[in-house]
Amino acid sequence: LRTRSECYPDVTTGIQTRELVRTSRLVSGACGFPIPRNKAIVGLNAFAHSSGIHQDGILKKRETYEIINPQTVGWGKTELPLTKHSGR
């Protein structure tokens, strides 16, 4: 709902989205189930783009590959790790 607020202008949830990552880690630790690295929104790689074409897109227009800002769910900045897929 938050990423499409223009479609639902009268809907509020009261959810503190900046606490999603922290809450997910708390539940993960309590249950003993690790959070998959590539889990959307809360996984360690959720906002990491190693593909060269993704990195280029992020640098030019972030919304191309990220429909939400990482800070709104409790992450820091987007990561652009240099890997064999990053290109030249």
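Below, the figures for the structure above:
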read-out: First in the range 57-73 and among the hydroxyl-bearing types (Ser, Thr, Tyr), second anywhere and in a loop (DSSP other than H, G, I, E, B) and surrounded by 14 or more Cβ atoms within 10 Å (Cβ to Cβ), Cβ under 6 Å, 6 or more apart; value: none
read-out: Matching residues in the range 18-62 - criterion: being touching a Pro at 6+ places or on another chain (Cβ under 8 Å) and either farther than 14 Å from residue 78 by Cα or β-branched (Val, Ile, Thr) (or both); value: 28
read-out: Complete set of residues in the range 21-54 that are under 23 Å from residue 80 (Cα atoms), in contact with a Phe, Trp or Tyr (Cβ under 9 Å, 6 or more places away or on another chain) and not in a loop (DSSP other than H, G, I, E, B); value: 21, 54
read-out: The range 52-88, residues that are at positive phi and surrounded by 13 or more Cβ atoms within 10 Å (Cβ to Cβ); value: 74
read-out: Positions within the range 42-67 being among the aliphatic types (A, V, I, L, M), out of contact with any Gly (no Cβ under 9 Å at 6 or more places or on another chain) and under 16 Å from residue 22 (Cβ atoms), in sequence order; value: 44, 46
read-out: Close pairs from the range 2-17: first over 25 Å from residue 76 (Cα atoms), partner of a type in the set (Gly, Ala, Ser), Cβ under 9 Å, at least 6 apart; value: 11/5
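Throughout, read-outs are computed from the coordinates displayed, never taken from laboratory work. Worth saying up front: this structure is predicted, and the values here are computed from it rather than measured. Please note: Cβ atoms are built from the backbone with ideal geometry, for glycine as well, and neighbour counts cover all protein chains shown.
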